[in-house]
Amino acid sequence: MAFIRCAIIAAFSFFFIKSGAQIIYYPAGASQLLKETAIDMAQLLQKAINGSTVTTAAYTSLPANGIVLVYDSTVTHNQSCKIESNGTNMLKLSAAQDNGLVFGIYDYLRQLGFRFYQPGTIWEAMPALSSPYKNISSTVSGRFKYRTWFISGGHNRWIMDNNTSYNWDTYFGSNGHNWALYQRRNGMGGAYRFAGHRTDIISGNYLAAIQNNPCYVACYNGSRQAGVQSVPDVNNSNATALWGNAIEQKYTQFKNTIHSNTGLYANYYRNFAFNYGLVGLEVPDGAQWGNSKDNNCGNNDYASESSQQFTLANTAAAKVSAVHPAATFQCYAYSSHADVPPTDITINNKLDVQVIPTAFQMESSPKGLMNRWYKRHDNISEYHYLNIPQWGGETPMFFKSDLENTIARLKEKNSQGISWEASPAKFASLPWLLAANNSLQYNIITDSTLYDFSHAMFGPAAGKVYQLLQFWGDDKSITTGDYIPDNKYKIPLYIKLVKEAGTLVQNEAPVIKLRIAELKAYLHYMVLYYDWLFDQRSNADKQSKAATLCLYLASINKLQLVNSYFLITDIAGRYETGSSFYAAYNTTSGTAYQNGNLPLITNSIIESNFAADLTAMDGLVQQYQLEDAALIKTKMAGSNIAPAQKITVKIGYTNGYNYPNRSEFYIDA
């Protein structure tokens, strides 16, 4: 009897282990991206299903059960995925290429309750599941053709992050991979990548041709010298034909190479539509459009830069379409060619135009420029900036109202979508990028995402963190452009809030305390950055501050609070390459980083830094209080304070070129 009982228990245990084991199958010949996504899905499900074992495997014939990933060319939308499950032992996800499959995988995980608020395991929210199978038969799709952000300045391997495992990913190194993974987990890719500037064309035979034929180069400030910023002379048909042919030939050669050996180039082939499906026609950055005459080429006067841009784009599109009839195209409305072209210039109906309205244009207000474009052409998207390092070191310097108005306009105008050039700052940028993405994809209002993030991650300190995030997007507390030095005077308020948040989580789980610690570490970065940036001395005279900042950025790089790689590159780049400072602090071989072994920051150091910051600003913290303008107005009325009889204000209007520098005046009369 005891033997039978033991046998039953053993059989039950075997059944439990067997039933708890799951396999995620991907096609043989899949890309590295899909394999890694399958591994990520397996790890997440194994965490969520107690006692389970989830593994991955390749297949050559379609499995009958398990979780099966399928390349299916009948799913035509590039960010669509067909999801089918019987709810018990089979889940099949099908899409044409990687982009659809990856989107579908993480959309399904979202439906199961997974949330990814930030890069890193301490920022994940896991559901408690009994099974990975949900009864479902539907096709999920991404809304908006373009719905993404990319890291301003990029991320590459460097001395503190020299991991070579992710050279197939969007960004290199461990940190780069983690940021790319965060984007994929939250469906932040859109259906297509925007190709950007085509500096790659100005090389080889094309460069030799324009060097040998100066009349092919637009006459810019009296010169036709060929260089990396040259554009074709649109008054010369041979020049525009050469440009169009160069783009067509480069595209044809690349496409044929990839499609002729799909096994060798699986990483390109399985995501070809996303990365290369639309042909970029944009001229090099800093384009030198024709603006003057010479006596050698006999050209007529040049039309506006916008006229030149779209004349050239139309010619190039025709050249490519002659070989690839199904091709579609992309270009920018940017800088001196930001405006809509005159009505006598057609815009190819297969051309997607992405407008940069809030910087680098002198045509109109951003809203006015966008209104003109939406009226002129159907295929319009927008390009915006968010806390980029070049402007403010990845500290908060944007306005929530601008972000929300932009999102509302995208929906109202039936836009193709948006691309953000942004910093990946963990608290100043990512919560807002997540909120914007959720609003565009799921129609969730931005404040709801911020509220959810604060409460899911910070427990009883949620209110303090939510208030902090609100301050970091408030046009009444954040200053931008030339006025960012004012932001350093707000730090005592932020320290006060984080101190109060820390007090509220003293009895909470260690993971919540770790999240508060990262906030403290980010605030200390702001203290060091502002102290260095707003020191009016020369770079040579403030080397010690720059050195302290570089070492701190290196020590926090694994926390991914900011993009340490690019920020250090920017700081070190202010010194001569032969200088002792550059030798010590450059990102490739800086000796200060101890060959990549510089000790990383610890929680005790974070707490020590925060205590020092608190002590240094304690008096300011106690005195700091923001009052609503309406309340201040009532106090003025009762204090015998009268306005001046005459107020002199100089108002300059610079359209969208230095939009962050704008000021707003409210006059009650």
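Identify the residue in the range 181-205 that is of a type in the set (Phe, Trp, Tyr) and modelled with pLDDT of 95 or more and, among all such residues, is farthest from ASP107 (Cα to Cα).
Checked the range 181-205; the qualifying residue farthest from ASP107 (Cα to Cα) is TYR192.
When you go through (1) in contact with a helix residue (DSSP H, G or I) (Cβ under 6 Å, 6 or more places away or on another chain); (2) more than 20 Å from SER415 (Cα to Cα) one by one for PHE329, which number turns out not to apply?
(2)
Can you confirm whether LEU549 is of a type outside the set (Val, Ile, Thr), buried (at least 22 other Cβ atoms within 10 Å of the Cβ), over 19 Å from GLY120 (Cβ atoms) and out of contact with any His (no Cβ under 6 Å at 6 or more places or on another chain)?
Working: of a type outside the set (Val, Ile, Thr): yes; buried (at least 22 other Cβ atoms within 10 Å of the Cβ): yes; over 19 Å from GLY120 (Cβ atoms): yes; out of contact with any His (no Cβ under 6 Å at 6 or more places or on another chain): yes.
It is true that LEU549 is of a type outside the set (Val, Ile, Thr), buried (at least 22 other Cβ atoms within 10 Å of the Cβ), over 19 Å from GLY120 (Cβ atoms) and out of contact with any His (no Cβ under 6 Å at 6 or more places or on another chain).
Looking at the range 466-511 only, could you name the residues that are of a type in the set (Val, Ile, Thr), under 18 Å from GLU607 (Cβ atoms) and in a helix (DSSP H, G or I)?
Of the range 466-511, the ones of a type in the set (Val, Ile, Thr) are 478-480, 484, 491, 495, 498, 503, 505, 511.
Applying the additional criterion that residues be under 18 Å from GLU607 (Cβ atoms) yields 491, 495, 498, 503, 505, 511.
Within the range 466-511, ILE491, ILE495, VAL498, THR503, VAL511 meet the criteria.
Inside the range 146-169, can you point out the residues that are of a type in the set (A, V, I, L, M, F, W, C) and either farther than 23 Å from TRP391 by Cβ or in a loop (DSSP other than H, G, I, E, B) (or both)?
To start, the set of residues in the range 146-169 that are of a type in the set (A, V, I, L, M, F, W, C) comprises 149-151, 158-160, 168.
Across the range 146-169, the qualifying residues are ILE159, MET160, TRP168.
Given the conditions (1) crowded, with 21+ Cβ neighbours inside 10 Å; (2) assigned to a loop (DSSP other than H, G, I, E, B); (3) more than 15 Å from the chain's Cα centre (by Cα); (4) not β-branched (Val, Ile, Thr), which single one is not true for ASN235?
(1)
Test THR446 against the stated conditions and say whether it is among the polar types (S, T, N, Q), under 24 Å from the mean Cα position of the chain (by Cα) and more than 21 Å from HIS524 (Cα to Cα). Full working, then the answer.
Details: among the polar types (S, T, N, Q): yes; under 24 Å from the mean Cα position of the chain (by Cα): yes; more than 21 Å from HIS524 (Cα to Cα): yes.
Taking the combined requirement at face value, the residue satisfies it.
Only one of (1) open to solvent by 20 Å² or more (accessible area, probe 1.4 Å); (2) within 30 Å of PHE150 (Cβ to Cβ); (3) outside any helix (DSSP H, G or I) fails for GLU627. Which number is that?
Single failed check for GLU627: (2).
Report the residue count in the range 120-141 for those that are within 24 Å of the chain's Cα centre (by Cα) and open to solvent by 10 Å² or more (accessible area, probe 1.4 Å).
Going residue by residue through the range 120-141, those that are within 24 Å of the chain's Cα centre (by Cα) are 120-125, 140-141.
Filter once more, keeping what is open to solvent by 10 Å² or more (accessible area, probe 1.4 Å): 120-122, 124-125, 140-141.
Number satisfying all stated conditions: 7.
Exactly one of (1) open to solvent by 90 Å² or more (accessible area, probe 1.4 Å); (2) at pLDDT 70 or above; (3) under 30 Å from LEU528 (Cα atoms) is unmet by ILE647. Its number?
If we test ILE647 against (1) open to solvent by 90 Å² or more (accessible area, probe 1.4 Å); (2) at pLDDT 70 or above; (3) under 30 Å from LEU528 (Cα atoms), just (3) comes out false.
Between residues in the range 450-471 that are closer than 15 Å to TYR494 by Cβ and residues that are modelled with pLDDT of 95 or more and not in a helix (DSSP H, G or I), which pairs lie under 6 Å by C-beta distance while being six or more apart or on different chains?
Short answer, once both residue conditions are applied: ALA461/VAL505.
Residues of the range 46-65 being touching a helix residue (DSSP H, G or I) at 6+ places or on another chain (Cβ under 8 Å), open to solvent by less than 50 Å² (accessible area, probe 1.4 Å) and outside any strand (DSSP E or B), which ones?
Scanning the range 46-65 gives ALA48, SER52.
Pairs under 6 Å by beta carbon, first residue free of Cβ contacts under 8 Å to residues at least 24 places away in the same chain in the range 38-49, partner open to solvent by less than 20 Å² (accessible area, probe 1.4 Å) and not acidic (Asp, Glu), six or more apart or different chains?
So the pair list comes out as ALA42/ILE24; ALA42/VAL54; GLN46/SER52; GLN46/VAL54.
In the range 278-289, what residues are surrounded by fewer than 19 Cβ atoms within 10 Å (Cβ to Cβ) and either under 20 Å from the mean Cα position of the chain (by Cα) or more than 21 Å from ILE202 (Cα to Cα) (or both)? If you could, list the steps in order and put the result at the bottom.
Looking only at the range 278-289, we keep the residues that are surrounded by fewer than 19 Cβ atoms within 10 Å (Cβ to Cβ), and these are 284-286.
Within the range 278-289, just ASP285 meets the criteria.
List pairs: first in the range 493-519 and hydroxyl-bearing (Ser, Thr, Tyr), second part of a helix (DSSP H, G or I) and open to solvent by 10 Å² or more (accessible area, probe 1.4 Å), Cβ under 6 Å, 6+ apart or cross-chain?
Between residues of the range 493-519 that are hydroxyl-bearing (Ser, Thr, Tyr) and residues that are part of a helix (DSSP H, G or I) and open to solvent by 10 Å² or more (accessible area, probe 1.4 Å), there is no close pair.
Which residue, of GLU627, GLU576, is of a type in the set (D, E, K, R) and farther than 30 Å from LYS476 by Cα?
Numbers: GLU627 fails: farther than 30 Å from LYS476 by Cα.
Answer to the check: GLU576.
Does ILE605 satisfy the criteria of being in contact with a helix residue (DSSP H, G or I) (Cβ under 9 Å, 6 or more places away or on another chain), surrounded by 12 or more Cβ atoms within 10 Å (Cβ to Cβ), assigned to a helix (DSSP H, G or I) and modelled with pLDDT of 80 or more? Please lay out each step first, then the result.
Values: in contact with a helix residue (DSSP H, G or I) (Cβ under 9 Å, 6 or more places away or on another chain): yes; surrounded by 12 or more Cβ atoms within 10 Å (Cβ to Cβ): yes; assigned to a helix (DSSP H, G or I): yes; modelled with pLDDT of 80 or more: yes.
Yes.
Sort out for me the helices (runs of 4 or more DSSP H) sitting completely within the range 531-586 that have 1 or more residues that are over 25 Å from PRO119 (Cβ atoms) and of a type in the set (Phe, Trp, Tyr). Can you show your working first?
Values: elements: 543-555, 564-572, 580-585.
Result: 580-585.
The values are calculated or read from the model by the stated rules, or taken from the named source; none is laboratory data. In this text, all values refer to a predicted model and were calculated from it rather than measured experimentally. In this analysis, Cβ positions are derived from the backbone assuming ideal geometry, glycine residues included, and neighbour counts consider all displayed protein chains. Ligands, DNA and RNA are excluded from the accessible area calculation, which covers all protein heavy atoms including side chains. Shrake-Rupley method; radii C 1.70, N 1.55, O 1.52, S 1.80 Å.
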